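The values are calculated or read from the model by the stated rules, or taken from the named source; none is laboratory data. Computed from a prediction, not measured in an experiment: that's the story for all the values here. Using ideal geometry, Cβ is built from the backbone for each residue, glycine included, and neighbour counts are taken over all protein chains shown.
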There are 4 protein chains.
Amino acid sequence: MHKIPVGVLGASGYAGRELCALLLRHPALALAFAGAQGQRGQSARVGGGATVTFVGNDEAPLDGAALVFCALPHGASAPYVTRARAAGAKVVDLSADLRPGNGGCTPAAYGLTEWLRDTIRGADVVANPGCYPTATLLALLPLLERGLVADGATITVNAASGVTGAGLTPKPELLFGEVTENFTAYGVGNEHRHLAEMRAAVAALGADVDVLFTPHLLPVARGILATITVPLREPLAEPLALWRERYAGEQFIEITASAPALREVAHRNVVRISATSAANVRTPTLVVTAAIDNLVKGAAGQALQNANLLLGLEESAGLPT
Amino acid sequence: MHKIPVGVLGASGYAGRELCALLLRHPALALAFAGAQGQRGQSARVGGGATVTFVGNDEAPLDGAALVFCALPHGASAPYVTRARAAGAKVVDLSADLRPGNGGCTPAAYGLTEWLRDTIRGADVVANPGCYPTATLLALLPLLERGLVADGATITVNAASGVTGAGLTPKPELLFGEVTENFTAYGVGNEHRHLAEMRAAVAALGADVDVLFTPHLLPVARGILATITVPLREPLAEPLALWRERYAGEQFIEITASAPALREVAHRNVVRISATSAANVRTPTLVVTAAIDNLVKGAAGQALQNANLLLGLEESAGLPT
Amino acid sequence: MHKIPVGVLGASGYAGRELCALLLRHPALALAFAGAQGQRGQSARVGGGATVTFVGNDEAPLDGAALVFCALPHGASAPYVTRARAAGAKVVDLSADLRPGNGGCTPAAYGLTEWLRDTIRGADVVANPGCYPTATLLALLPLLERGLVADGATITVNAASGVTGAGLTPKPELLFGEVTENFTAYGVGNEHRHLAEMRAAVAALGADVDVLFTPHLLPVARGILATITVPLREPLAEPLALWRERYAGEQFIEITASAPALREVAHRNVVRISATSAANVRTPTLVVTAAIDNLVKGAAGQALQNANLLLGLEESAGLPT
Amino acid sequence: MHKIPVGVLGASGYAGRELCALLLRHPALALAFAGAQGQRGQSARVGGGATVTFVGNDEAPLDGAALVFCALPHGASAPYVTRARAAGAKVVDLSADLRPGNGGCTPAAYGLTEWLRDTIRGADVVANPGCYPTATLLALLPLLERGLVADGATITVNAASGVTGAGLTPKPELLFGEVTENFTAYGVGNEHRHLAEMRAAVAALGADVDVLFTPHLLPVARGILATITVPLREPLAEPLALWRERYAGEQFIEITASAPALREVAHRNVVRISATSAANVRTPTLVVTAAIDNLVKGAAGQALQNANLLLGLEESAGLPT
């Protein structure tokens, strides 16, 4: 079979390498180029035994690609998206720049696949969701769509991420000697960049609720666990049934009886979700937990899911479950 | 100086060993015996270069001790507390058995030192607080004492603990190969044993609020971080000032401008607390974070703090800061 | 295509689960049963989203399997191997029982695939090599086959393994709280069980040399790195060329210019080998380093490689590279 | 008691901070200044609850210090040593610059305390040993002093270090996400800088032997374990007795019956050493293992041990055991 050529800009970061690794094993897509401005001409392992050789982002042959993934740093995407579009390529952008709530001016479909699959299919440019919003919104979607959250309530999202979420740029606080045997919260006070994205999605779903988001840094390489407290309009007899019904047939969503663990989702393009009614509180409240691999379902895997849709392929093509 | 003899029952667990290590360095206390039923006659390292040799708990010379620490498993303390009292010793019990909310029948003072110091000083038996309640209640105390929490609200406590909190009894799910690169929630749905203790303390402080507590298991050996969301009666202009004022002069409490990290409290008998007003929510809400070493301030260190009070010594004697 | 049924005895340990996970994805083999005496009737995740339900080892339908993998504890294999053979199944035994140097009485081919491929192909029972010997012997084979090691010399093998090598049976010294931030040697003094297996292979290759083996326990879940010092008969001008030539065409052996890292082989059925001449010593000496995933190339992966040969399939069928 | 003022240059690195933390608790020394060129004016935690505020190295009031610790990067020490001497201060230099085998032109005593205590006492400048040589040479000293190593033999030193040995300067390969669940060798081929220092010491002890040193990077923050293979002139009946006798009365050296573990030496100024005769080899051979905390006995602790000697204090003053 002739493979469809696709390219990656910003291929040297964690998400970019994960994407390259997925593309090198893809049955229907071929990696046309891997761009990395600072490492052009160099080779790098991208998982398993595979290596890629980087070209400069500015020299990447955009017109030879049917689709371009932009995995550039936040703030750097816009010109490359424009160029790729001008060259006739579709685009999946992994930066925050085009996501809802981030003030981006390029119209892009929001790429939370299991929510907006049909919109994505018809789009030319997709803004791939952030890692925290992916876990959080997939966990909340069944509640929000059915209007089950108490009006005016605050949804409390406590989430913890592995350090690859902070990228490969070396900073002293990300050294092994600083992270091992450590754990802390950051962006405390509801100030994290991903909040706007969550709020925009919640608002789009018509919910009159606040979101209070506190991220934490875990001493693990990969994975996000979100523990979400949701005040309900009224008690829910069998919480899991709601998720099972909403996500029936979804191959990348797993509903579990007990809280998921990072180990269960590592290197897989899935979100695992559980939900339990809280005892010993007078307000009916659910505790919803969701786990993803931040580099797969939270970045490169979901990006590929979206790319498959944009290119008319099977949504699951080339994705590890 | 003649040292006061004290003993430890249940000395072979994590908290028991930590206690022995502290006692061996204590300027005014001498370790009269270290009891461990299953390891009697054996020796073990208890930190640094120090070793102890265990006697059976049942053969421990209780009448030679001015005070006995019971670090026995939950449910096993009561007869030993009775025996130690009969032998004339004061008792600090580290199990859950005598803590408020746990239905214990022996009257014991609740050993959250910075809250109930005066009561502890006059007591014969002290129930040492659980590790999660220590971090949580010290974080909440200034708010609860001043009645600042919104009536009828739910305080959301998300906390994560290192694995020593689960003890030294080997279970497959605590093996290194299972815990490394992993993270999960447990006791989800507000069912953890420590909840009753927190609720009892909150009620004793006169607050009409619920507590929703979700613990997590961290891939670290030691440390607890509690991230606590508190709906307020009204906004608080300078949150940190409240804690700084309440805890002025406390040598084991540190108030920090940003969220504390486990690394900052490891092997120390301190709690570090921070508090930030949440932006982007309509209800005035604080995010309070607190970190302790679960084996020191959350167990052996606080037990020693209480023992010092019971024995008329300097509260800080022999405690690492 | 009709798949060939194969079974696993001892399927609940680390190697057994890894095997089940591989078999569930195998293009030509079907998992007929997964035996685990102590967990019969229970289900367990075996990697990714896959689960298996265990039968008792004694109730496993051996006669429905063309091949049986025995992943039972050392010492427990023999009767099951006999039974499986009686039922007409071929056997790959992952225990130490049938390996050379271990005094086993059942004749079995030694399953170091890249060394003894042709013998294995014609065998009915294969003794799958130990994890340490796999890394060590594949590293040494090119030197030993060509008689390049100095006569009467001692080959010094220092190796370090992740904790899954010690199995899933819970022991206090394997708890996360004991292994994290720790490292030590064990079996010091050349007493480890795997030594006999290495010595037997070295002798079979006609080398008059000693092996001095010191294993270490690493704070990682998976992987073995062997660092091997080899006194040579005479200097070797381009060491890597020897390995490249010997292993040309081998798809599960990678020769690297610098020392391999565990991360490069995790979850893969490969050994990565490098070799460097030692400067600053008067005796010509090589430092050879080799890395494997102890559960894949060091256990389940190599077992499947051998099973593929026994069943006349492509050697690489179902194996992750 | 009036405390003696001492200063630290290069105080912001791992060793410098460890030194500051030790000095802040020292009973007879006062920290006069903590120099850190790039962070002058900033404050940092240096362990426990203590913080220091840095001055520029060039503005440090050298003439107010009786002794200056130079913890500057390798290559940068010389001018500061000269300046400190000109200001009348004694110097303990933690860089490699003045160590034997490194071609330094300033005459300095080699600060392996338990070997050269008397020389150090009379010196003005001490070159503090490297971390690997500290563990290795203290392990070998009893053998070398007694001439027990086989003539012309190669001593094989395999050692593994925690990542703080590589410093606080951020590099991608030291990020948590790269080091966790990883392990590799580096400087393979006997090329590491510390080799010259080991060779110089071995030669000074009159031994006609080679050293073959292979370091490894461990996924732990602190600690070095050296596993050393030593061909002997003739068998040694009770190996441990040799170390016990040589180091009798040494408070910072512990001889153990089984191989030491990193956990046993963390945060302590000790080396733990064990030795075992190798079975199954024809040449009489010992396997000697030694563990230190690379930042304490391997750097700041030993530096303070030496400073105590230079200043006429108790050698153990202010040192954690």
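For the reader, a short list of remarks on this structure follows.
- Residues in region B:154-187 that are closer than 24 Å to B:Thr283 by Cβ and within 9 Å of another protein chain (Cβ to nearest Cβ): B:Thr154, B:Thr156, B:Asn158.
- Yes/no for B:Gly35 being touching a Gly at 6+ places or on another chain (Cβ under 6 Å) and either touching a residue at least 24 places away in the same chain (Cβ under 8 Å) or not hydroxyl-bearing (Ser, Thr, Tyr) (or both): no
- Of all the listed residues (D:Gly167, D:Gly152), the sole one being under 18 Å from D:Leu94 (Cα atoms) and not assigned by TED's automatic domain parsing to the domain that holds D:Ala303 is D:Gly167.
- Of all residues making up region D:256-291, the number that are within 14 Å of chain C (Cβ to nearest Cβ), buried (at least 20 other Cβ atoms within 10 Å of the Cβ) and β-branched (Val, Ile, Thr): 7
- Residue match in region D:237-252 (condition: polar (S, T, N, Q), surrounded by fewer than 16 Cβ atoms within 10 Å (Cβ to Cβ) and either in contact (Cβ under 8 Å) with a residue 60 or more places away in the chain or away from chain C (no Cβ under 14 Å) (or both)): yes
- Checking A:Ala32, A:Ala71, A:Ala44 one by one, the residue that is within 22 Å of A:Gly111 (Cα to Cα) and not hydroxyl-bearing (Ser, Thr, Tyr) is A:Ala71 and no other.
- If the condition is being crowded, with 21+ Cβ neighbours inside 10 Å and hydrophobic (A, V, I, L, M, F, W, C), then region D:164-185 contributes D:Leu174, D:Leu175, D:Phe176, D:Val179, D:Phe183, D:Ala185.
- Among (1) surrounded by fewer than 18 Cβ atoms within 10 Å (Cβ to Cβ); (2) more than 14 Å from chain D (Cβ to nearest Cβ) - the single one B:Ala50 does not satisfy: (2)
- Scope region B:44-57; condition at pLDDT 95 or above and over 20 Å from B:Lys3 (Cα atoms); matching residues: B:Phe54, B:Val55, B:Gly56, B:Asn57
- In this structure, D:Gly88 does not qualify as of a type outside the set (Val, Ile, Thr), assigned to a helix (DSSP H, G or I) and in the same structural domain as D:Gln305 (by TED's automatic domain parsing).
- Top-ranked residue of region A:68-94 - restricted to ones that are farther than 24 Å from A:Leu168 by Cβ and hydrophobic (A, V, I, L, M, F, W, C), ranked as surrounded by the most Cβ atoms within 10 Å (Cβ to Cβ): A:Ala89
- The conditions of being aliphatic (A, V, I, L, M) and in a helix (DSSP H, G or I) are met by D:Val81.
- Taken over region B:210-232, residues that are within 7 Å of another protein chain (Cβ to nearest Cβ), closer than 26 Å to B:Arg146 by Cα, more than 17 Å from the chain's Cα centre (by Cα) and not polar (S, T, N, Q) amount to 2.
- Condition met for C:Phe213 (within 26 Å of C:Glu114 (Cα to Cα) and of a type in the set (Phe, Trp, Tyr)): yes
- Test: residue in region A:58-69 that is at pLDDT 95 or above, assigned to a loop (DSSP other than H, G, I, E, B), within 14 Å of A:Asn306 (Cα to Cα) and not basic (Lys, Arg): yes
- Of all residues in region A:16-47, those satisfying the criterion of being crowded, with 20+ Cβ neighbours inside 10 Å and part of a strand (DSSP E or B) are A:Leu29, A:Leu31, A:Ala32, A:Phe33, A:Ala34, A:Gly35.
- Among the residues of region D:1-19, those identified as under 13 Å from D:Ala30 (Cβ atoms) and either touching a helix residue (DSSP H, G or I) at 6+ places or on another chain (Cβ under 6 Å) or touching a residue at least 60 places away in the same chain (Cβ under 8 Å) (or both) are D:Ile4, D:Pro5, D:Val6, D:Gly7, D:Val8.
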